[in-house]
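*Asks:* What follows is a structure written as structure tokens; I'll ask about it next.
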Amino acid sequence: MLKTSHLGAYRDLVSLFTRYGRRDFRLTLDPHEMLIPDEEPGPIEPDVKQRAEAFARQLKALGPTYVKFGQLLSTRPDIVPKEYIEALETLQDNVEPFSFAEVERTVEEELGAKISKMFESFDATPIAAASLGQVHRAALRDGREVVVKVQRPNVREQVRKDLDVFAEIAHALESHTDLGRRMNVVGVIEQARLALLGELNYVQEARNMETLRANLADFPQIYIPIVIHDFSSSRVLTTELIKGKKVSKLTPLRLIESNYSQLADVLTRAYLKQICIDGFWHCDPHPGNVFIPHDDGEPRLILLDFGMVSRISQEFQDEVIKLLLNISSNRGTETAEACIRMSEPLEAFDTVRFVRDISMIVAAVHDVAPRDVNTGQLLFNVISVANNNALKVPPELAMLAKTLLHLDGITKKLDPQYDPQGVIRDYAEEMIAQKLVQKLNPRNFYASLLDLNQLVQEFPRRAREIVDLTAAGKLTFGIKLLQAEELLAGIHSVANRITVGLIIAAIVVASALIMRTQPNLAMFGYITSALIGLYLVISTLLHDRKDRERAKTKAK
């Protein structure tokens, strides 16, 4: 329900998309368009570039929630043109910092002491500023170098208010437009709400880091910074300082001098484990959140920024494994079936058409060179085909596609010839084995064992009751029929029509037998049978019409 108190926000959103995105965003996409290879990059059309840059500036002006929304849009190449993606990607780092006075006040309020008492040094200039917070370099009293992430003042209240507006508009779109229902905008906004509120809770982010460090213990080449819990709270997060360089900033010379192909393989396997085995993954691995340390030891990757994570059930994990395996093995029909199982078909859903479209897309990339295949982009194409075919996909699938899209960008930066599809196929047996071990864990059988124990204890008593009832001739079986009254009424109606038919046939036969001896009586019999027959026909037609109308009313 739209609220009058939010009219200003509605006006801002409508103005934003009618001025900039209405002509450029692709809300529907024909599968044949996905099969046309991209042309060589050329000069960007000035009007589109100007609209994209203005769109990004307007998002910054509207506040942190809109900036985050723009960052999410930059990961949707199935909807957003490349000109907009280039403009929106600047929102990841190009955000104005807030004053050090606000930083000092927040840190001291949250940690309960003066900065000068807690830290040996604390740089006033942030090393990075984002939409929800900014990061400062500091040193503890014991000499440890740390980074301190501080949340923007009043950002929580602003985000909650903006999310309420987004949710209201999403419900209105889903209630009144076919496009809103097909794209599951309510589910998308709900997923974004959970992600944003998780990013605003630094205590939860610290827990995410601890969980992921434990889950990735088998991958020593991937490192997650240690949280300094005594200097952290819901709006302040202090972690150890890791000196390094963003993957996005690696120079060609550095890539030539160091062989990072192994890191690409390790990172892909680590994310496959997070998604398909643990059901809990870091879903924001864009190149700005992945570092290469400066030390000269064994190459490794540092993951940062764990506010945005995703969780899926074991059943969903199984379908994701099937989906990725089928895509990598060029099995279009099985890919479509896996997508259908994890989604909600709407009334207009056409299974045959959907399977055909998905098979076409999967087959088109099977023989493409590995460096030209982007698994995240391919998954977004699958989502677009689902939307076009009235298949309501879960928002978790879009988060998975977003993660794989970022992951592909990092691995291709580390190794331009990297083949993620081959790793998925090679890692499949190991993933399936881990899933079996996970499902055979004794903890998963405790509830079933309790049920079995109860069955064993009660079986003798239940068996004796059945034997006693059988011996006394009192054992009965009850069958409950749904709509039994309507069923019996239908049977009675059929029986009555058969009876009337038999009577008419008897009158006709009797009239024929007495036609020579009693012609007047025979004619009376013929006329009577004709009248009864006509009544039966009319009655049958009227009753059938009423039944059809009643069925239509119930269907509505």
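No lab work stands behind these numbers, since they all come straight from the coordinates. Keep in mind that this is a model prediction, so the values were computed, not measured. So basically every Cβ, Gly included, is an ideal-geometry build from the backbone, and we count neighbours across all protein chains shown.
*Asks:* Quick one: Debye curve from the C-alpha atoms of region 495-544, no solvent, what's log10 I(q)/I(0) at q = 0.20 Å⁻¹?
*Replies:* -0.65
*Asks:* When only C-alpha pairs under 8 Å and at least 6 residues apart count, what is the relative contact order of region 159-219, in percent?
*Replies:* 22 percent
*Asks:* Please state the relative contact order of region 356-420 as a whole percent: Cα pairs under 8 Å, 6+ residues apart?
*Replies:* 43 percent
*Asks:* Taking other Cβ within 10 Å of each residue's Cβ, how do 523, 342 sort, fewest first?
*Replies:* Lowest count first: 523, 342.
*Asks:* Moving on to the next point. Tell me the relative contact order for region 244-445 as a rounded percent, counting alpha carbon contacts under 8 Å between residues six or more apart.
*Replies:* This gives 28 percent for region 244-445.
*Asks:* Continuing with the same structure: Go through 390-401, 532-543 and give me the packing order, highest mean Cβ count within 10 Å leading.
*Replies:* 390-401, 532-543
*Asks:* Turning to a different aspect of this structure: How long are the semi-axes of the ellipsoid equivalent to region 169-307, from square roots of 5 times the Cα gyration tensor eigenvalues, in whole Å, largest first?
*Replies:* Taking √(5λ) for each Cα gyration eigenvalue gives 33, 20, 14 Å.
*Asks:* What distance in nm lies between label points placed 7 Å from Cα along the C-beta direction at residue 262 and residue 509?
*Replies:* Here the modelled spin labels are 9.7 nm apart.
*Asks:* Over region 317-384, one equal point on each Cα, no solvent: what is log10 I(q)/I(0) by the Debye formula at q = 0.13, 0.28, 0.29 Å⁻¹?
*Replies:* Ignoring solvent entirely, the Cα scatterers give -0.33, -1.40, -1.47.
*Asks:* Another question, if that's okay. In Å and from the alpha-carbon atoms only, list the Rg and Dmax of region 249-311.
*Replies:* Looking at region 249-311, its Cα Rg and Dmax stand at 13.1, 39 Å.
*Asks:* If you build the Cα gyration tensor of region 66-224 and take the root of 5 times each eigenvalue, what three semi-axes come out, in whole angstrom, biggest first?
*Replies:* 34, 19, 16
*Asks:* Taking a temperature of 10 °C and a viscosity of 1.306 mPa s, what whole-number D in µm²/s does Stokes-Einstein yield for region 244-445 with Rh from Kirkwood over alpha carbon pairs?
*Replies:* Estimated via Stokes-Einstein, D reaches 89 µm²/s.
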